[in-house]
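Report on the following structure.
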Amino acid sequence: MRLFLASESPRRRELLARLGFDFETESAGVAEISAATDPRSVPLRNAESKAAAVAARHPDALTLGADTVILHKGRIIGKPRDSADAAAILRALSGDSHEVITGLALLSPSRRIHEVWEEIATVRFRPLTDAVIAGYLDRVFVLDKAGAYAIQEHGDELVESLDGEFENVIGLPLVRLSNRLAALLKR
């Protein structure tokens with residue numbers, strides 16, 4: 001069975017490639033939602049929407065959709081508009097915890113596969129000074145990253161602790177996904 005990743009994210013492609021499965025990538029071409037009455041539902045709905053769009057074009061294949069959001073004090077923290085916004089986001093996260101929630105969807109219409117779930121990691125930031133924030137933003141391009149940070153790029157300067165899967169914070173949790181893909185691709 002062919003496997004599609006409904007994403008153009010280079011980070012997701014790299015993470016999925018680590019699992020050793022052959023796959024193709026295809027843009028879903030759908031508009032993501034960024035707000036909902038229940039912010040925790042956003043990544044699940046986006047993941048399912050992305051997977052459904054690609055699965056409709058390849059019904060005999062297995063399609064993976066994913067979406068990751070950062071939730072801090074009940075609000076979704078998106079990508080910064082500019083470097084000033086990035087600094088403000090990091091100041092808001094400083095010395096506090098936030099959740100990184102990834103919604104995942106595995107769909108294959110013709111094989112009647114429809115699995116949707118979430119993975120959650122809790123990240124606690126160190127108390128950050130303005131100098132630490134400025135230094136981090138000088139080294140790491142964050143304008144394309146929710147929460148204005150990339151844990152895999154000098155994340156040790158920001159992160160005090162992580163409860164959950166490191167790869168989930170990057171954008172694609174691998175442990176459960178690997179097990180599900182191995183089981184489903186055998187069908």
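Axis angle, to the nearest 10 degrees, between helix 83-93 and the longest C-alpha principal axis of the chain: 90 degrees.
Per-residue Karplus couplings for the range 126-140, computed as 6.51 cos²θ - 1.76 cosθ + 1.60 with θ equal to phi - 60°, are listed in order as 5, x, 10, 8, 4, 5, 5, 4, 4, x, 5, 5, 6, 8, 10 Hz, Gly and Pro entered as x.
Counting only protein heavy atoms and a 1.4 Å probe, the chain has 48 square angstrom of accessible area per residue.
From helices alone, the chain scores -10000 deg cm²/dmol at 222 nm; the rule is -39500 (n - 2.57) for each run of n ≥ 4 DSSP H residues, then divide by the residue total. For chymotrypsin sites (Phe, Trp or Tyr not before Pro), the sites in the range 112-187 that DSSP calls loop and that have at most 16 other Cβ atoms within 10 Å are Phe141.
Residues in the range 112-122 carry Karplus couplings, in order, of 6, 9, 8, 10, 9, 7, 10, 10, 10, 10, 10 Hz; the curve used is 6.51 cos²θ - 1.76 cosθ + 1.60 with θ = phi - 60°, and Gly or Pro positions show x. The amide H of Glu160, built 1.01 Å from its N in the peptide plane, has Arg124, Phe125, Arg126 as neighbours under 5 Å, considering only residues 5 or more places off or on other chains.
Residue-wise HN-Hα couplings along the range 52-57, as the Karplus relation 6.51 cos²θ - 1.76 cosθ + 1.60 with θ = phi - 60° gives them from phi, are 5, 5, 6, 4, 5, 7 Hz; Gly and Pro carry x. Legend: calculated FRET efficiency, Ala183 to Gln152, from the Cβ-Cβ distance at R0 = 25 Å, rounded to 0.05, equals 0.35.
Based on the alpha-carbon gyration tensor of the range 35-187 and its eigenvalue square roots a ≥ b ≥ c, which shape applies: rounded if a/c is under 1.5, prolate if not and a/b is larger than b/c, or oblate? It is prolate, given that a/c is not under 1.5 and a/b is the larger ratio. Per-atom-type breakdown for the chain gives carbon and sulfur 48% of the accessible area (1.4 Å probe, protein chains only). From a point 7 Å beyond the Cα of Val116 in the direction of its Cβ, which residues of the range 10-37 have a backbone N at a distance under 13 Å? Residues passing the 13 Å test: 33.
The values are calculated or read from the model by the stated rules, or taken from the named source; none is laboratory data. Just so we're clear, the structure is a prediction, and the values are computed from it rather than from any experiment. Cβ coordinates were reconstructed from backbone atoms using ideal geometry, including for glycine residues, and neighbour counts include every protein chain displayed. For the accessible areas, the whole protein counts, side chains as well, though only heavy atoms, and no ligand, DNA or RNA atoms are used. Shrake-Rupley method; radii C 1.70, N 1.55, O 1.52, S 1.80 Å.
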